[in-house]
Amino acid sequence: MILVRENLIEVEKRIQEACKRAGRNRDEVTLISVSKTKPVEMILEAMECGMRDFGENKVQEIVDKYEIIKKELNWHMIGHLQRNKVKYIVDKVCLIHSVDSIRLALQIDEEAKKKNVICPILIEVNIAGEDSKYGVTSGEAVTLIEQISRLENVSIKGLMTIAPFVENAEENRIHFRNLRNLQVDIKSKNIDNVNMDILSMGMTGDFDVAIEEGATMVRVGTGIFGERNYNIGV
Ligand SMILES: *Cc1c(COP(=O)(O)O)cnc(C)c1O
């Protein structure tokens, strides 16, 4: 039996301690509960604790849960997004964290236009340069952002990264710091129609370090809902 409420208290404590160490206000950091593979009952439990931001990495799962939970929630698309599936979520999510190509951005722009919405996005950066990861390199980020900035129905809000899987969270500090530096760098270019306020970084194992390095959104799954079992599904 996973006690979502108790886990949330623990996560909240870690967030507050990290904010304190970094001299930041708690309200600068949004906690996203990553509910992928987890049942609706658990989301409802987190909602009872006041949670409103939920992260999912599969389009079908967002659509299914969106249908069931009628209450206004902020759904975050945090996983790799295929172009042919953009149409199903473009008007349902509050933020797509995983945009890493102009082709995907063009598709989002097109579908957003059809639905008469402006879709907020983050640029996913493969900050550690891992072969296995989606995301653009830091070098490619500026060019991509300049291209996307010209699209009318897409609005860039910042950067996202998935740091490497490490035993010791301190090993990821350099990557979080590098993403923060990239954010500052891009901000200084004052590109029209580009906002760089959001830094989505840090997961269960390392969100404390990410907050110390400037994260404004942390994505926490296991720490709230327990281990995932990919064999069982929703
Ligand atoms: C699954 C996932 C998370 C949450 O990971 P935990 O280690 O369970 O906290 C965060 N971000 C992304 C992009 C994910 O896919």
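Any read-out appearing in this document is the output of simple, stated calculations on the displayed coordinates, not a laboratory observation. Nothing here was measured: the structure is a model prediction, and the numbers come from that model. Positions of Cβ are backbone-derived with ideal geometry, glycine not excepted, and every protein chain shown enters the neighbour counts.
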(message) Within region 186-198, take every residue that is in contact with a strand residue (DSSP E or B) (Cβ under 8 Å, 6 or more places away or on another chain) and away from the ligand (no atom under 16 Å from the Cβ) and give me the one that is farthest from GLU227 (Cα to Cα).
(response) ASN193
(message) Looking only at region 19-61, filter to residues that are under 16 Å from ASP208 (Cβ atoms) and in contact with a strand residue (DSSP E or B) (Cβ under 8 Å, 6 or more places away or on another chain); which one of those is nearest to the ligand (Cβ to nearest atom)?
(response) ILE32
(message) Can you list residue pairs whose Cβ atoms sit under 9 Å apart, with the first residue in region 18-45 being at positive phi and touching a residue at least 60 places away in the same chain (Cβ under 8 Å) and the second being in a helix (DSSP H, G or I) and of a type outside the set (Asp, Glu)? Count only pairs 6 or more apart in sequence or on different chains.
(response) THR37/PHE225
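Here's the yes/no breakdown for (1) under 15 Å from SER101 (Cα atoms); (2) over 19 Å from the mean Cα position of the chain (by Cα); (3) of a type outside the set (Gly, Ala, Ser); (4) outside any loop (DSSP other than H, G, I, E, B):
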| residue | (1), (2), (3), (4) |
| --- | --- |
| SER132 | no, no, no, no |
| GLU140 | yes, yes, yes, yes |
| THR143 | yes, yes, yes, yes |
| GLN147 | yes, yes, yes, yes |
| ASN178 | no, no, yes, yes |
(request) Mind listing whichever residues of region 199-229 are within 12 Å of the ligand (Cβ to nearest atom) and of a type in the set (S, T, N, Q)? (result) SER200, THR204, THR222
(message) Return the pair list, or none, for Cβ contacts closer than 9 Å from residues in region 201-218 that are on the phi > 0 side of the Ramachandran plot to residues that are near the ligand (Cβ under 10 Å from one of its atoms) and in a loop (DSSP other than H, G, I, E, B), at least 6 apart or on different chains.
(response) GLY202/ALA163; GLY214/MET201
(request) For region 184-234, name all the residues that are exposed (fewer than 13 other Cβ atoms within 10 Å of the Cβ) and closer than 27 Å to GLU6 by Cβ. (result) GLU227, ASN229, TYR230, ASN231, ILE232, GLY233
(request) Considering only residues that are assigned to a helix (DSSP H, G or I) and of a type in the set (A, V, I, L, M, F, W, C), look in region 62-76 and name the one that is farthest from the ligand (Cβ to nearest atom). (result) ILE68
(request) Give ILE68, ILE78, ILE96, ILE162 a once-over and let me know the one that is in contact with a helix residue (DSSP H, G or I) (Cβ under 8 Å, 6 or more places away or on another chain) and under 25 Å from VAL184 (Cα atoms). (result) ILE96
(request) State which residue is surrounded by the fewest Cβ atoms within 10 Å (Cβ to Cβ) when the search covers only region 87-105 and only residues that are more than 16 Å from the ligand (Cβ to nearest atom) and farther than 20 Å from LYS65 by Cα. (result) ARG103
(request) Please go through region 130-174 and pick out each residue that is in contact with a Ser or Thr (Cβ under 7 Å, 6 or more places away or on another chain) and either of a type in the set (Val, Ile, Thr) or exposed (fewer than 14 other Cβ atoms within 10 Å of the Cβ) (or both). (result) ILE156
(message) Suppose we keep only residues that are of a type in the set (Val, Ile, Thr) and within 17 Å of PRO164 (Cα to Cα) within region 112-129. Which one would you say is surrounded by the fewest Cβ atoms within 10 Å (Cβ to Cβ)?
(response) VAL125
(message) Here is a check on your reading of the model: is MET51 in a loop (DSSP other than H, G, I, E, B), over 22 Å from ILE191 (Cα atoms) and within 19 Å of the chain's Cα centre (by Cα)?
(response) yes
(message) Restricting to region 109-129, count the residues that are within 17 Å of the chain's Cα centre (by Cα) and away from the ligand (no atom under 15 Å from the Cβ).
(response) 2
